[in-house]
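Chemist: After the structure tokens below, expect a handful of questions from me.
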Amino acid sequence: MNPSILVTGSSGHLGEALMRTLHAAGHAAVGLDVTPSPFTDIVGSIVDRDVVRRAIAGCTVVLHAATLHKPHVATHTRQQFVDTNITGTLNLLEEAVAAGVSSFIFTSTTSVYGRAMNPPAGAPAVWVTEDLVPQPKNIYGVTKLAAESLCELFHHKFRLPCIVLRTSRFFPEEDDDADRRARHADANIKANEFLYRRADIEDIVSAHLCAIAKAGEIAFGRYIVSATTPFLRSDCAKLRHDAPALTRRYVPAYADEYARRGWSIPAGIERVYDNAKAREELDWQPRHDFASVVETLKSRDDFRSPLARSIGSKGYHDEVFADGPYPVE
């Protein structure tokens, strides 16, 4: 029998993707979100303990994707971040234990690494693995890291199997960096990011499903979920000043396609996410990487998966900002 699965944040990018995929696979899934949508069964906040208790009743798995994101940092208070990202996670964990849930999958973020991913001038690029010590640089990173620690606490105290997935970028909205937007077309920026810090939402979803399957065996673990980079750790020094040459070495087909489109890769890359642990321990097999993006671009402009295209862009705010997709702190 398929488990009954609670998906928090079911009206968001990832939540909708999870609900679509679970329903298509015949799973009994319950969506919880503060915003109504076709994929949300219970409208309410994870900050409300009664709502959480009602939503989790009868569920055996929790996929906790509800969160305030980085785009909310300049528009929401720190207390709101604490309430949603920490208290909301605590509510879910306590009710999960009370309900006898068999696995708890927490969607975290590579933003927890923060300042640890900013090498000084002249230093090699940072090779980001799960062993890198997080140094959050905003309230988003701080609260997500604290929520991770709550998951670890509940595993050790109550033996609740918990898997933490530190996801990289997968949203379709414009980049928040004005200089980057001025230098590159949006699709160019996102294609480049598959080299080092982006994943297609289809692969983010498959990582969550792998985590469900492996949670009982692993018991507790943290994993980086990002597209498989073509680079090697030994490339980090050269990546800071000649990323295009390294890309030509590993994905030679990119050069002609980028030239045809008038696209470019920045001279330097500061960080690279390594997903090896997730692939090895979760048996995760991501399908989308820079090479597949380049191959897709030969025949069409939109290199996103069908799932990503179906969900489209949701945005993070009700208002439109003049200087970008959202205000930067």
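Chemist: Return a yes/no flag: does region 207-228 have any residue that is buried (at least 18 other Cβ atoms within 10 Å of the Cβ) and more than 26 Å from TRP284 (Cα to Cα).
Modeler: No; the residues of region 207-228 include none that is buried (at least 18 other Cβ atoms within 10 Å of the Cβ) and more than 26 Å from TRP284 (Cα to Cα).
Chemist: I need the helices (runs of 4 or more DSSP H) fully contained in region 191-308, keeping only those with at least 1 residues that are aromatic (Phe, Trp, Tyr).
Modeler: Filter on region 191-308 gives 243-250, 254-261, 290-297.
Chemist: GLN135 fails exactly one of the following numbered conditions: (1) in contact with a Gly (Cβ under 8 Å, 6 or more places away or on another chain); (2) within 19 Å of LEU63 (Cβ to Cβ); (3) surrounded by fewer than 17 Cβ atoms within 10 Å (Cβ to Cβ). What is the number of that condition?
Modeler: Checking GLN135 against (1) in contact with a Gly (Cβ under 8 Å, 6 or more places away or on another chain); (2) within 19 Å of LEU63 (Cβ to Cβ); (3) surrounded by fewer than 17 Cβ atoms within 10 Å (Cβ to Cβ), the one that fails is (2).
Chemist: Out of region 59-77, which residues are surrounded by fewer than 22 Cβ atoms within 10 Å (Cβ to Cβ) and at pLDDT 95 or above?
Modeler: THR60
Chemist: Which one of these is without any contact (Cβ under 8 Å) to a residue 60 or more places away in the chain and more than 24 Å from ASN275 (Cβ to Cβ): VAL73, VAL101, VAL62, VAL97?
Modeler: When all the criteria are applied, what remains is VAL101.
The rows are residues; the columns are (1) modelled with pLDDT under 95; (2) loosely packed, with under 14 Cβ neighbours inside 10 Å.
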site: ARG287; (1), (2): no, yes
site: THR296; (1), (2): no, no
site: ARG304; (1), (2): no, no
site: ALA322; (1), (2): yes, yes
site: GLU329; (1), (2): yes, yes
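Chemist: Now a separate question. In region 256-274, is there at least one residue being within 18 Å of TYR113 (Cα to Cα), in contact (Cβ under 8 Å) with a residue 24 or more places away in the chain and of a type in the set (A, V, I, L, M, F, W, C)?
Modeler: Yes, region 256-274 contains a residue that is within 18 Å of TYR113 (Cα to Cα), in contact (Cβ under 8 Å) with a residue 24 or more places away in the chain and of a type in the set (A, V, I, L, M, F, W, C).
Chemist: In the set ALA96, ALA116, which member is closer than 28 Å to ALA267 by Cβ, in contact with a strand residue (DSSP E or B) (Cβ under 6 Å, 6 or more places away or on another chain) and modelled with pLDDT of 95 or more?
Modeler: Matching residue, one of ALA96, ALA116: ALA116.
Results for (1) over 22 Å from ASN275 (Cβ atoms); (2) aliphatic (A, V, I, L, M); (3) in contact (Cβ under 8 Å) with a residue 40 or more places away in the chain; (4) part of a loop (DSSP other than H, G, I, E, B), shown as yes or no for each residue.
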| site | (1), (2), (3), (4) |
| --- | --- |
| SER111 | no, no, yes, no |
| PRO120 | yes, no, no, yes |
| ALA123 | yes, yes, yes, yes |
| LEU132 | no, yes, no, yes |
| ALA147 | no, yes, yes, no |
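Chemist: How many of the residues making up region 41-100 are charged (D, E, K, R) and assigned to a loop (DSSP other than H, G, I, E, B)?
Modeler: Residues that pass the stated criteria total 2.
Chemist: Say whether the condition of being touching a His at 6+ places or on another chain (Cβ under 8 Å) and touching a residue at least 60 places away in the same chain (Cβ under 8 Å) is met by at least one residue in region 15-25. It would help to see each step written out before you state the result.
Modeler: Just the residues of region 15-25 that are touching a His at 6+ places or on another chain (Cβ under 8 Å), to begin with: 18.
Retained after the next criterion (residues that are touching a residue at least 60 places away in the same chain (Cβ under 8 Å)): 18.
Yes, there is a match, as at least one residue in region 15-25 is touching a His at 6+ places or on another chain (Cβ under 8 Å) and touching a residue at least 60 places away in the same chain (Cβ under 8 Å).
Chemist: Residue under question is SER108, and the condition is that it be of a type outside the set (Val, Ile, Thr) and under 23 Å from LEU307 (Cβ atoms); does it hold?
Modeler: So SER108 fits the description; yes.
The values are calculated or read from the model by the stated rules, or taken from the named source; none is laboratory data. Just so it is clear, the structure is predicted and the values come from calculations on it, not from any experiment. Note that each Cβ is placed from the backbone with ideal geometry, even for glycine, and that neighbours are counted across all protein chains shown.
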